[in-house]
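The values are calculated or read from the model by the stated rules, or taken from the named source; none is laboratory data. Nothing here was measured: the structure is a model prediction, and the numbers come from that model. Cβ placement follows ideal geometry from the backbone for every residue including glycine, while neighbour counts extend to all protein chains displayed.
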Amino acid sequence: MTNEALLVLRCLGITDNSSSRVEIESLLSAGVDWRRVLSLVRANGVLPIFRENLLRYCPHAVPRSIRAQMQAEFQTCASLSIGYAHELVRVITCLQQGGISAIAFKGPILAQQLYGTFSLRQCRDVDILIEKNRFRQAIDVLESAGYTPVWPKGQPKWEILGSDKHVSVFSRARQYRVELHWSLAMPESEFPLKFDDLWSRRDAVHVLGTSIDVPSREDLFLILCFHLAAHWWASLKWICDIGELLRRYPDLNWQVVVERARAWGCYRIMLTGVALARDTLAIDLPEQIDRATKSDKAVIEISNDVLCRFSAGAYAPHCIQKPLDYIRSRERLGDRLRLIVNFIRCRLKPNEHDREWVRLPDALSCLYILVRIVRIARLRYKVSVIPLLKTIMS
Amino acid sequence: MANSTPPPVQGPLARYTDITKERLATETIIYDHERHRVHCLNRVLAFVLEQCDGHTPVRLMAERLPDAMKLPPDQDIILLALRQLNRIHLLTGEVPELNSNTLPSRRELARRFAYVGGVMLPAVASIVAPTPAMAGSRDTHGGPENGDGNANGDGNGNGNGNGNRNGNGK
């Protein structure tokens, strides 16, 4: 692993009791490419916590210009996170007044819950989960409060309830994005946790004087592990969230976590999440869990791939590797087969570009699958076959 | 019978309305909702702001500096901090001590304390609070969730933006 990548990881994992400080100082005295360090922390969404730990434990080792650059970016991140926190309170208050139960997760609420402050976690939206059958009512409530939903093009707007997991709504005044979820995962992702289950086990967190419902810590932990997997383990920010949760809740009920993970078929996803938190942030795991991560070949392979990608500065696996890694992270054969079928079905699903390419009457709309196959083949032909032929001919 | 009249203001008073305050290990972030500005206060300035409860005179604040901040008990450090806090509208009402024409500059203070190897003086960095659109808040990590992307590409957003920097005493 490069010195720059190591510096980032050690700064993210450092605590008052850890020995990382010595290692950070020796990395810094050996010299690092600060441009590369900044590029890594920006791309992984961890600039605030990286900067905070670096300035806290090794304040004199950071060049003045880098310090100024990080300061400006940190203040921008902090400003947005605080802005999103206020937006969260506004939306939750609207929904509560409209009689709609809502659970907040990720975004500013997670920052408050895990880091104790909004500024240390970069937020780019507000995520709120509601009951699917209250979705239309929630949209009405938010529209009347000045929010504008953004509907997907090329399909009737309510059809999105069957094909996606959320709709983005924007506050007109400050352009903050709120993702209104009716599900925690895309329909094809095979994650069975439902609103009613979350609601029955919910906790509450106080944000800016308002009590907001959040998932229980065991549910939250599994949601974070699943979210990380659904994004191909592509960002340190989400690994930090898992690590921070494990630090903040040392009394996490592992028996419940393991039971639920097995029941939902995401045991391996959970193991991969904790293995990454251990390997990147030096988080201590219970012996049984630690042993389980070390005996699962797929967990080891995925974790190693993620660390290699991070060190190389690549943030997501290659196109075809994404679904393959995701399928590999599921332990049940049935889930794997369903994911493969879903993947193929999803790739063949016509979108607005197919409908714009050829316009068919409604009666022939089933033929859009063929249109899509031809269009994609043509696209791929232009992108890969023609250059290949030209190379051969030259 | 208890007297319900609040005690008279004897010292600087911090503003409590329309702000969000976040205390970190090395600094304090203040979001001013009224002026849409974000201030990053170093530890010394944050300490002085916390002392501004309306009942603590400048002299007493200075006496607390050695214990709290390991700084000399110099009233000029407090005055420099108060001037900065006043400039970024985090104080309410008048601070009579700031009307003097003999307030030392930051440079003079830095020179005065140079003989002890320099001390951390009050400092603030301020920016205009960016909207998400201004900041380009879609960071680069991650892409659309599994199954979301099709042949038309997995879009990645751009990086973090920088707000307008308006340093204050840094």
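Exactly one of (1) at pLDDT 65 or above; (2) under 24 Å from the mean Cα position of the chain (by Cα); (3) within 8 Å of another protein chain (Cβ to nearest Cβ) is unmet by B:ARG165. Its number?
Status for B:ARG165: all satisfied but (1).
Each row is one residue, and each column tells you yes or no for (1) over 22 Å from the mean Cα position of the chain (by Cα); (2) of a type in the set (Ser, Thr, Tyr); (3) within 18 Å of A:ILE109 (Cα to Cα).
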{"residue": "A:GLN155", "(1), (2), (3)": "yes, no, no"}
{"residue": "A:GLU159", "(1), (2), (3)": "yes, no, no"}
{"residue": "A:PRO187", "(1), (2), (3)": "no, no, no"}
{"residue": "A:PHE191", "(1), (2), (3)": "no, no, no"}
{"residue": "A:PHE195", "(1), (2), (3)": "no, no, yes"}
{"residue": "A:LEU198", "(1), (2), (3)": "no, no, yes"}
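Can you tell me how many residues within segment B:24-36 are modelled with pLDDT under 95 and in a strand (DSSP E or B)?
1
Given the structure, is A:LEU40 of a type in the set (A, V, I, L, M), out of contact with any strand residue (DSSP E or B) (no Cβ under 9 Å at 6 or more places or on another chain) and more than 9 Å from chain B (Cβ to nearest Cβ)?
For A:LEU40, the condition - of a type in the set (A, V, I, L, M), out of contact with any strand residue (DSSP E or B) (no Cβ under 9 Å at 6 or more places or on another chain) and more than 9 Å from chain B (Cβ to nearest Cβ) - is met.
Pull up segment A:159-185, narrow it to residues that are in contact with an Asp or Glu (Cβ under 7 Å, 6 or more places away or on another chain), farther than 21 Å from A:TRP199 by Cβ and without any contact (Cβ under 8 Å) to a residue 60 or more places away in the chain, then point me to the one that is farthest from the other protein chains (Cβ to nearest Cβ).
Selected residue: A:SER168.
Given the criterion aliphatic (A, V, I, L, M) and more than 22 Å from A:CYS225 (Cα to Cα), identify the matching residue among A:LEU307, A:LEU367, A:LEU324, A:LEU337.
Numbers: A:LEU307 fails: more than 22 Å from A:CYS225 (Cα to Cα); A:LEU324 fails: more than 22 Å from A:CYS225 (Cα to Cα); A:LEU337 fails: more than 22 Å from A:CYS225 (Cα to Cα).
Every option except A:LEU367 fails the conditions.
Scan segment A:99-108 and give yes if some residue there is away from chain B (no Cβ under 14 Å), assigned to a loop (DSSP other than H, G, I, E, B), of a type in the set (Gly, Ala, Ser) and in contact with a Gly (Cβ under 9 Å, 6 or more places away or on another chain), otherwise no.
No: segment A:99-108 contains no residue that is away from chain B (no Cβ under 14 Å), assigned to a loop (DSSP other than H, G, I, E, B), of a type in the set (Gly, Ala, Ser) and in contact with a Gly (Cβ under 9 Å, 6 or more places away or on another chain).
So, A:ALA204, is that one surrounded by 22 or more Cβ atoms within 10 Å (Cβ to Cβ) and either closer than 22 Å to A:ILE130 by Cα or touching a His at 6+ places or on another chain (Cβ under 9 Å) (or both) or not?
On the way: surrounded by 22 or more Cβ atoms within 10 Å (Cβ to Cβ): no; either closer than 22 Å to A:ILE130 by Cα or touching a His at 6+ places or on another chain (Cβ under 9 Å) (or both): yes.
Criteria not met by A:ALA204.
Regarding segment A:115-133, can at least one residue be identified that is assigned to a helix (DSSP H, G or I) and within 14 Å of chain B (Cβ to nearest Cβ)? Give the derivation first.
Of segment A:115-133, the ones assigned to a helix (DSSP H, G or I) are A:115, A:132-133.
This time we only want the ones that are within 14 Å of chain B (Cβ to nearest Cβ), so: A:115.
Looking through segment A:115-133, at least one residue is assigned to a helix (DSSP H, G or I) and within 14 Å of chain B (Cβ to nearest Cβ).
Just one of (1) assigned to a helix (DSSP H, G or I); (2) facing chain B (nearest Cβ under 10 Å); (3) farther than 16 Å from B:LEU24 by Cα trips up A:GLN96, so point out which.
(2)
Output the number of residues of segment A:325-347 satisfying the condition of being assigned to a helix (DSSP H, G or I), surrounded by 15 or more Cβ atoms within 10 Å (Cβ to Cβ) and within 11 Å of chain B (Cβ to nearest Cβ).
8
Could you list all residues from segment A:91-118 that are of a type in the set (Gly, Ala, Ser) and either crowded, with 22+ Cβ neighbours inside 10 Å or touching a Phe, Trp or Tyr at 6+ places or on another chain (Cβ under 8 Å) (or both)?
Across segment A:91-118, the qualifying residues are A:SER101, A:ALA102, A:ALA104, A:GLY107, A:ALA111.
Looking for something in contact with a Phe, Trp or Tyr (Cβ under 6 Å, 6 or more places away or on another chain) and either more than 10 Å from chain B (Cβ to nearest Cβ) or modelled with pLDDT under 90 (or both) - is there at least one such residue anywhere in segment A:61-79?
Within segment A:61-79, one or more residues are in contact with a Phe, Trp or Tyr (Cβ under 6 Å, 6 or more places away or on another chain) and either more than 10 Å from chain B (Cβ to nearest Cβ) or modelled with pLDDT under 90 (or both).
In segment A:164-185, what residues are aliphatic (A, V, I, L, M) and part of a loop (DSSP other than H, G, I, E, B)?
Passing the criteria: A:ALA173, A:LEU184, A:ALA185.
If you go through segment A:144-163 one residue at a time, do you hit one that is part of a helix (DSSP H, G or I) and modelled with pLDDT of 90 or more?
Yes, the conditions are met somewhere in segment A:144-163.
Scan segment A:68-82 and give yes if some residue there is of a type in the set (Ser, Thr, Tyr) and over 27 Å from B:ALA133 (Cβ atoms), otherwise no.
no
Quick check on segment A:83-90. Is at least one of its residues buried (at least 23 other Cβ atoms within 10 Å of the Cβ), in a helix (DSSP H, G or I), hydrophobic (A, V, I, L, M, F, W, C) and more than 9 Å from every other protein chain (Cβ to nearest Cβ)?
Yes, segment A:83-90 contains at least one residue that is buried (at least 23 other Cβ atoms within 10 Å of the Cβ), in a helix (DSSP H, G or I), hydrophobic (A, V, I, L, M, F, W, C) and more than 9 Å from every other protein chain (Cβ to nearest Cβ).
Take B:ALA133 and decide whether it is at pLDDT below 90, within 13 Å of another protein chain (Cβ to nearest Cβ) and part of a helix (DSSP H, G or I).
Considered against the rule, which asks whether it is at pLDDT below 90, within 13 Å of another protein chain (Cβ to nearest Cβ) and part of a helix (DSSP H, G or I), B:ALA133 comes out as yes.
Looking only at segment B:15-28, count how many residues are without any contact (Cβ under 8 Å) to a residue 12 or more places away in the chain, surrounded by 15 or more Cβ atoms within 10 Å (Cβ to Cβ) and facing chain A (nearest Cβ under 7 Å).
Of the residues in segment B:15-28, 2 are without any contact (Cβ under 8 Å) to a residue 12 or more places away in the chain, surrounded by 15 or more Cβ atoms within 10 Å (Cβ to Cβ) and facing chain A (nearest Cβ under 7 Å).
Based on what the data block shows, is A:GLU52 closer than 20 Å to B:ILE19 by Cα, among the acidic types (Asp, Glu), assigned to a helix (DSSP H, G or I) and within 11 Å of another protein chain (Cβ to nearest Cβ)? Please lay out each step first, then the result.
Details: closer than 20 Å to B:ILE19 by Cα: no; among the acidic types (Asp, Glu): yes; assigned to a helix (DSSP H, G or I): yes; within 11 Å of another protein chain (Cβ to nearest Cβ): yes.
Against the criterion (closer than 20 Å to B:ILE19 by Cα, among the acidic types (Asp, Glu), assigned to a helix (DSSP H, G or I) and within 11 Å of another protein chain (Cβ to nearest Cβ)), A:GLU52 does not qualify.
Please pick out the residue among A:ALA292, A:ALA261 that is surrounded by 20 or more Cβ atoms within 10 Å (Cβ to Cβ), in a helix (DSSP H, G or I) and either among the acidic types (Asp, Glu) or in contact (Cβ under 8 Å) with a residue 12 or more places away in the chain (or both).
A:ALA261
Can you name the residue in segment A:186-201 that is within 14 Å of another protein chain (Cβ to nearest Cβ) and in contact with a Lys or Arg (Cβ under 8 Å, 6 or more places away or on another chain) and is also farthest from A:ILE103 (Cα to Cα) among such residues?
Of all residues in segment A:186-201, those within 14 Å of another protein chain (Cβ to nearest Cβ) come to A:186-191.
Narrowing further to those that are in contact with a Lys or Arg (Cβ under 8 Å, 6 or more places away or on another chain): A:186-188, A:190.
On the way: A:MET186: 18, A:PRO187: 19, A:GLU188: 22, A:GLU190: 21 Å.
Taking the candidates together, the pick is A:GLU188.
Quick one: count up the residues across segment A:348-379 that are without any contact (Cβ under 8 Å) to a residue 12 or more places away in the chain, hydrophobic (A, V, I, L, M, F, W, C) and outside any helix (DSSP H, G or I).
Total meeting the criteria: 1.
What number of residues within segment A:83-105 satisfy the criterion of being touching a strand residue (DSSP E or B) at 6+ places or on another chain (Cβ under 9 Å) and at positive phi?
So the count comes out to 0.
Being charged (D, E, K, R) and either free of Cβ contacts under 8 Å to residues at least 12 places away in the same chain or closer than 25 Å to A:ASN3 by Cβ (or both) is the requirement here; does A:LYS297 meet it?
Here the answer is yes, as A:LYS297 does meet what is asked.
Residues to consider are A:ILE242, A:ILE212; find the one that is modelled with pLDDT of 95 or more, away from chain B (no Cβ under 13 Å) and not in a helix (DSSP H, G or I).
None of the others qualify; the one that does is A:ILE212.
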